[in-house]
Amino acid sequence: MSVSETVAAAAAPAGPSPGDPSILTTEQLSVWYGTSLALKEITIAIPRNRITAMIGPSGCGKSTLLRCFNRMNDLVAGARMEGRITFDGDDIAAQGVDAVALRRRIGMVFQKPNPFPKSIYQNVAWGARINGYKGDMDDLVEKSLRRAALWDEVKGKLHRSGLELSGGQQQRLCIARTLAVEPEVILMDEPCSALDPISTARVEDLMDDLKADYTIVIVTHNMQQARRVSDMTACMMLDEASNGNTQRTGIVVEFSPTEILFTKPNDPRTEAYITGRIG
Amino acid sequence: MAFLFGCAAITVITTAGIVLVLGSETIHFFRATGESILEFICGTQLEPEAVPPRFGILPLIWGTMLIAIGSSLIALPIGLLSAIYLSEYAPRKLRAVLKPTLELLAGIPTIVYGYLALLLVTPALKGILEPIGLQVETFNALSACIVVGVMIIPMVSSLSEDVLSAVPRGLREAAYGLGATKFEVSTRIVLPAGLSGVVSSFILAISRAIGETMAVVLAAGLRPQLTFNPLTSIETMTAYIVGVTSGEASAGSPEYLSLFAVGMALFVITLTLNVISGFVLRRYREVYQ
Ligand SMILES: Nc1ncnc2c1ncn2[C@@H]1O[C@H](COP(=O)(O)OP(=O)(O)OP(=O)(O)O)[C@@H](O)[C@H]1O
Ligand SMILES: [Mg+2]
């Protein structure tokens, strides 16, 4: 894919035009926790079948933005949003949209590996089962574990607890569990921050494999990682207007193809951040 | 260190002392009456004042079980459902009010539950059941089951709620992230993860029902009988002990000694319950980080 194509993807106006290259878009999205504004007027478009990274200093709202995409913030008392988020052209907060159904299509992998206290097999099968999967469960479990590059390590002990695995294996188990539900988008919130370099490399390879079938959005503090794995990168910052207050408001200062963002950033704040002068 | 050890030692010594006294007096009882353990436990005639006296405590065991089962049928489902509601569904503010309110129930003296049974529950039962042709005695097992059930609800709900809300948020989020509904998260992730604590709260509540005395004496009376009819009077093991101690059995008499034997039987039942619960916990618990 050429750089100009990606730029076009990012810049394309949101809307359900056929063959729309963006799968998720936000328009003027603002999020509050209680009375404090956590995200201000975010407008971005996540391209389909690409890996989009989000970088930025701690507290600038990366997780908050990610959690808006699958309406996970609905579960937080006092969280409120304004603006529009579309998935495949449809407003995800519109009346009659079921957050539960949405989360089946937009999976999530968390910072801390959080396998269920169940067997490895059950961990993978659980999500598929509650979603009414009718096919052969053994096949699905094997396929998902293979996809998550974990099969060879666990095939002999599928009925052992998922918690007996190492941190890196647990994280790949969580990825397998997400894949078993067959979502279209996978949101990953710092999926490697609890992992050693070898496990991290495995997860990164895996993301590259998954790109053909899924859209991935990854939050990371590791700039090398963003650079290695992603096609597009969003750089987020704390809004200077909010500094000094108790309120810390996040904004997107730049959203560009990763190559450009890291070599010729348009925004001085991006440059300051990636060269280590902020954050 | 030495002080802490002392405290621990006192607990152990006291427990051992109680068991020892119970044990030796129980042996005295069997020597004095010449009954076998089998006759004692399975005998259906309880006539301490007859000549010769007969001590078959099956009616007492049955009465105790009736109260334990009946009150559990009320308390376990209600307690567990309230715990799930409080931990998973209730808005934070409502929960802040509801939980202490439920716990207040546990602070009401049991004797109060006893006369509430006598003065409110039994008349209400009569009002409902007698028009449809069911005879309700003034002292009856059903009203005892109801008040003991209500009495132990807070044990179940409060302890279970504690363990359910201690289940890590990450597990809930993982489940929601896979497209689970609130009901699926509550019943298939949170409940299994907290199951060991829930089962312990059940066992504690059942032990409490088995050991409950005053409310049961007042509500269900002191008539040892083997009956399936909960609308008649029964006698539990604890009620028997109250009956004998408040009567005029002289120290050393078989009737007096039977107190210890019944106490021992009660102890064995509760101990068995604890052992079973320990086994259940080890076998079925899901450990989380
Ligand atoms: N559940 C919540 N309730 C209230 N405020 C919250 C909540 N979650 C996040 N916030 C606030 O929103 C802001 C953004 O938080 P968020 O977790 O999205 O940042 P982040 O960019 O992911 O940070 P990090 O890199 O440290 O993970 C922070 O100021 C945080 O305090
Ligand atoms: Mg975060």
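What follows draws every value from the coordinates through simple rules; no lab data is involved. Values in this document were obtained by computation on a predicted structure and should not be read as measured data. Heads up, the Cβs are rebuilt from the backbone with ideal geometry, glycines too, and the neighbour counts pull from every protein chain shown.
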For the protein assembly as shown, share of DSSP beta bridges that run antiparallel, in % to the nearest 5:
60 percent
Would you mind pulling out the separation of the Cα centroids of the stretch B:9-58 and the stretch B:64-79, in Å?
27 Å
Evaluate peptide B:168-176: per residue, the Cβ atoms of other protein chains within 10 Å of its Cβ; return the mean as an integer.
6
About its Cα centre, how strong a charge dipole does chain A have in debye, to the nearest 20, once Lys and Arg get +1 and Asp and Glu get -1 at the Cβ?
720 debye
What are the semi-axes of the equivalent ellipsoid for the stretch A:70-172, taken as the square roots of 5 times the Cα gyration tensor eigenvalues, largest first, in whole Å?
31, 16, 12
Could you list the square roots of 5 times each eigenvalue of the Cα gyration tensor of chain A, that is, the equivalent ellipsoid semi-axes, sorted largest first and rounded to whole Å?
31, 21, 19
Amide H neighbours of A:V219 under 5 Å, counting only residues 5+ apart in sequence or on other chains, H built in-plane at 1.01 Å?
A:M54, A:M188, A:D189, A:E190
Per DSSP helix of 4 or more residues, -39500 (n - 2.57); summed, then divided by the residues of chain A. What does that give at 222 nm, rounded to the nearest 500?
-10000 deg cm²/dmol
R0 of 25 Å, Cβ-Cβ distance A:D74-A:E240: FRET efficiency to nearest 0.05
0.25
Neighbouring partner chain Cβ atoms per residue of A:99-110, average, 10 Å criterion
3
Could you check how many percent of all C-alpha pairs in the protein assembly as shown are farther apart than 32 Å?
59 percent
To the nearest 20 debye, the protein assembly as shown has a Cα-centred charge dipole, built from +1 on Lys and Arg Cβ and -1 on Asp and Glu Cβ, of 480 debye
Is the stretch B:58-284 rounded, prolate or oblate when judged by the Cα gyration tensor, a ≥ b ≥ c being the square roots of its eigenvalues, rounded requiring a/c under 1.5 and prolate requiring a/b larger than b/c?
prolate
Sparse-neighbour loop sites [GluC sites (Glu not before Pro); the stretch B:1-102; at most 13 other C-beta within 10 Å; DSSP]
B:E49
May I ask for the angle, rounded to the nearest 10°, between helix B:141-165 and the longest principal axis of chain B, with both axes built from Cα atoms and the value confined to 0 to 90°?
40 degrees
Checking the stretch B:189-289 for chymotrypsin sites (Phe, Trp or Tyr not before Pro) in a loop per DSSP with at most 14 other beta-carbon atoms within 10 Å yields B:F228
Given charges at Cβ of Lys, Arg, Asp, Glu: the protein assembly as shown dipole, positive-most of A:Q170, B:S258, B:V12:
A:Q170
Using only the alpha-carbon atoms, how far is helix B:2-33 inclined from the longest principal axis of chain B? Give it as 0 to 90 degrees, nearest 10.
40 degrees
Put +1 on the Cβ of every Lys and Arg and -1 on every Asp and Glu Cβ in the stretch B:58-284; which of B:I69, B:A219, B:A193 then has its Cα farthest towards the positive end of the dipole?
B:A193
What per residue convex hull volume, in Å³, comes out for the stretch B:39-126 when only alpha-carbon positions are used?
153 Å³
Could you work out how far helix B:58-84 tilts from the main Cα principal axis of chain B, as a 0 to 90 degree angle to the nearest 10?
10 degrees
Cα-based convex hull volume of the stretch B:133-259 per residue, rounded to whole Å³:
145 Å³
Exposure rule at most 13 other beta-carbon atoms within 10 Å, DSSP loop trypsin sites (Lys or Arg not before Pro): chain A longest free segment:
A:1-133
